[in-house]
1. State yes or no: is residue 226 more than 16 Å from the ligand (Cβ to nearest atom), part of a loop (DSSP other than H, G, I, E, B), under 23 Å from residue 119 (Cβ atoms) and in contact with a helix residue (DSSP H, G or I) (Cβ under 8 Å, 6 or more places away or on another chain)?
2. When the residues of the stretch 209-233 are narrowed to those that are free of Cβ contacts under 8 Å to residues at least 60 places away in the same chain and in contact with a strand residue (DSSP E or B) (Cβ under 7 Å, 6 or more places away or on another chain), which ends up surrounded by the fewest Cβ atoms within 10 Å (Cβ to Cβ)?
3. Quick one: would you say residue 376 is in a loop (DSSP other than H, G, I, E, B), more than 15 Å from the ligand (Cβ to nearest atom) and touching a strand residue (DSSP E or B) at 6+ places or on another chain (Cβ under 8 Å)?
4. Given the conditions (1) within 21 Å of residue 466 (Cβ to Cβ); (2) part of a strand (DSSP E or B); (3) touching a residue at least 60 places away in the same chain (Cβ under 8 Å), and given that residue 365 satisfies all but one, which numbered condition is not satisfied?
5. I'd like the full set of residues that are closer than 19 Å to residue 272 by Cα and surrounded by fewer than 16 Cβ atoms within 10 Å (Cβ to Cβ), limited to the stretch 295-328.
6. Hey, could you check the stretch 118-142 for residues that are within 21 Å of the chain's Cα centre (by Cα) and part of a loop (DSSP other than H, G, I, E, B) and say which is surrounded by the most Cβ atoms within 10 Å (Cβ to Cβ)?
7. What strands (runs of 3 or more DSSP E) lie completely within the stretch 445-496 and have 2 or more residues being within 13 Å of the ligand (Cβ to nearest atom) and within 18 Å of the chain's Cα centre (by Cα)?
8. Collect the residues in the stretch 163-206 that are farther than 12 Å from residue 293 by Cβ and in a helix (DSSP H, G or I), keeping them in residue-number order.
Ligand SMILES: [Cu+2]
């Protein structure tokens, strides 16, 4: 692990993409006789591509893929050890096409890591790409040296053993690349996976498990005619694709029995927010957010999910007739491809339900210590030297520590967003609570532990971070990836 090597510039990326897609496309040309696919000017949108090949790309035609569980290389009484290669790979996303990706173990989404509170996880990551990479465990209580700080990277050919103590309560975490300056591209091209941390308390609640517990990674993409991902940089807006992928599939379907399902959503998009809504207008019961279970379940009919946030719901299909089809929509989508996320197809079966819907208190959320400082962070766009984003008039400087809170203390942080973009502000290595929003009351489902808050255009939002459990250097940044890369991020050092 070494200090960060200067990131490749945009030209390198486009050349790399051209070479990758070009060389891979040779095979595709033979299969599909689309000889224009190597030429940049023949790029079409995926929507257009689907209209050309309506049958294979029709929505709800493929089953929702479930990313494979990562299998430990070894397990002891206290620790599970995993080995992962960060490498190039191929994914079949559009039926019949191969999409070149970067992937953990070469797959997209990356394999899911299952962990348990009280057992340690070691992930031995090996960088088999030809540029610097690293791995951040998003939402994890992780010692600073293992956090995947943007300047701590793994050089090509090298490896790093990430140690995750798993001392926090059950939560839906995720892992992704965080090498500074290129996360917009590396996540877009596939370097993201889910990390499900369970515990005893959660088990006691009798929530759906196994095949009735469905983790779903959402991300919007666009495609070139040869099936490769298309990426167009937009530092102000952030990337917007015309197609939503759920676990790497276009508008998939999930056959569900007449039972209760736990459905967990991660927004792993570059910059798109989703407004989740069932097509039949029924309510969804939210049981968890970024930092794990809420104190009590919250019923809601729509739910905004900003980049990097997680929300977990219980969906009850017991009263539906077999043959019922319920579309999960993105109510804020601007086109057919960005409106329908997936569909639940109710089939026979179910039998006796083993899961329970919690009605009372699921968890007691600890009280924070009284805040001992207040800080205001203005979120703004600077255009003096190209388009750059700022926090409190500062762009990221790896050699400057911007704030030094005391271990165990808490503060009030006010995010002030006069810009016309959503800024999903994320704090590494610790959690916070949302105290106040100028746009309205704090939604009951946002009153649990959080690690990311979508600060809306024109909004001032106050959060209360708790600087625990570790000392050391972390970052906080905007999780609209183009914003974070350019350079909406600051250093934070927790001191004793
Ligand atoms: Cu931002």
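1. The answer is no for residue 226.
2. 213
3. no
4. Exception for residue 365: condition (2).
5. 302, the sole residue that qualifies.
6. 139
7. The qualifying strands (runs of 3 or more DSSP E) are 452-455, 472-478.
8. Answer for the stretch 163-206, where residues must be farther than 12 Å from residue 293 by Cβ and in a helix (DSSP H, G or I): 183, 184, 185, 186, 187, 188, 200.
The values are calculated or read from the model by the stated rules, or taken from the named source; none is laboratory data. None of the values given here were measured: they were computed from a predicted structure. Every residue, glycine as well, gets a Cβ built from its backbone with ideal geometry; the counts of neighbours run over all protein chains shown.
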